[in-house]
Every structure is written in structure tokens, then in C-alpha cells.
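The values are calculated or read from the model by the stated rules, or taken from the named source; none is laboratory data. What you see is a predicted model, and the numbers here were worked out from it, not measured in a lab. Using ideal geometry, Cβ is built from the backbone for each residue, glycine included, and neighbour counts are taken over all protein chains shown.
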Amino acid sequence: MTTPPKFDDAVRDIQPRLRRTLVAALGVDAGLEAAADALAYGWEHWERVGAMENPGGYLYTVGLRRARGRRSRPVRLPAPDAGSLPWTERALPAALESLPTRQRTALLLVHSFGYSLAEAARLMDVSKATAQTHVERALDRLRTEMGVQ
């Protein structure tokens with residue numbers, strides 16, 4: 001059995017990706033809170049979590065589970081700021097909010113944050129094929145909802 005890396009060293013790599021992933025899944029406020037909860041859990045249980053093959057994926061799952069216990073309101077993604085973003089279809093934020101959590105997360109990781117399918121899959125703790133399926137289904141659903149081919 002290998003010795004797990006120190007928590008401080010590992011969190012430098014895990015924390016930014018974990019926050020982005022949970023924000024994509026849950027919205028800004030709930031995602032940041034879930035990331036903080038997951039990292040606190042990771043710190044408390046680092047001997048076991050640090051020895052895992054994919055501690056970031058495990059902590060993502062911890063964050064989702066903890067957020068589900070608190071979440072009573074729907075995900076609200078931030079409204080685009082017209083001055084700081086390129087043109088965006090007005091219906092897109094509402095259409096993204098309507099996607100199932102895993103589809104929205106995979107889609108945002110790949111198409112907004114620029115992760116590869118393999119990286120998104122690792123963060124979500126799913127196979128690459130599953131991540132690809134989530135992205136494809138999300139795109140199909142967005143096209144249908146927005147009336148785009």
C-alpha cells in the first residue's frame with residue numbers, strides 16, 4: 001500500500017477542479033458550499049481518502065451527497081453579464097438549468113471549462129464513455145428545448 005500524499009499538497013490540485021465541478025452541478029452558492037464540505041470531509045478522513053485511486057472524484061460525490069441533504073430550491077446559474085461575456089443565446093441559462101445534474105455538469109466541464117472527456121469523467125468519477133453520453137444527451141436536449149438543429 002502506498003502512502004497517501006499530504007492533504008495540503010493534494011488539495012492544491014483537487015480544490016480548483018472540485019469547486020468548478022460542483023458549481024457546474026449545483027450552481028454557484030450551493031457548489032462552493034458543497035466543495036467546502038467535501039474538502040472538510042477529505043481533511044478529516046485523509047488517510048483513507050488520500051489512498052484512493054481518485055480522491056477528487058470521491059470528494060465530488062461527497063459534496064453532491066451533502067448538498068442533496070440541504071437543497072430544497074432549484075439550481076440557479078448566474079445570469080450572463082452582457083458587458084463581460086461574448087454574445088449568448090438568452091434562452092441558454094434556463095435551458096442549462098433544466099438539464100439533469102450529471103448532464104449539465106459534464107456539458108459545462110467539457111464545453112465551458114475546456115476539460116477533456118477523460119478529465120471530466122475522472123472528476124465526476126464515471127467512465128469516459130458515460131461522460132460522453134452525458135454530454136451528447138445534454139446537447140440533444142438543449143437543441144430540442146431551444147429549437148436548434
### Task
Run Leu18 past the list (1) surrounded by fewer than 21 Cβ atoms within 10 Å (Cβ to Cβ); (2) assigned to a helix (DSSP H, G or I); (3) in contact (Cβ under 8 Å) with a residue 24 or more places away in the chain; (4) not acidic (Asp, Glu) and report the number of the one that doesn't hold.
(1)
### Long-range neighbours under 7 Å by Cβ, at least six apart or interchain, first residue more than 13 Å from Val11 (Cα to Cα) within the stretch 43-54, second surrounded by 13 or more Cβ atoms within 10 Å (Cβ to Cβ)
Glu47/Pro4; Ala51/Pro4; Met52/Tyr58
### Task
Working only within the stretch 21-41, note down all residues that are touching a Lys or Arg at 6+ places or on another chain (Cβ under 7 Å) and surrounded by fewer than 17 Cβ atoms within 10 Å (Cβ to Cβ).
Leu32
### Task
Within the stretch 128-145, work out how many residues are over 13 Å from the mean Cα position of the chain (by Cα) and either surrounded by 13 or more Cβ atoms within 10 Å (Cβ to Cβ) or in the same structural domain as Thr61 (by TED's automatic domain parsing) (or both).
11
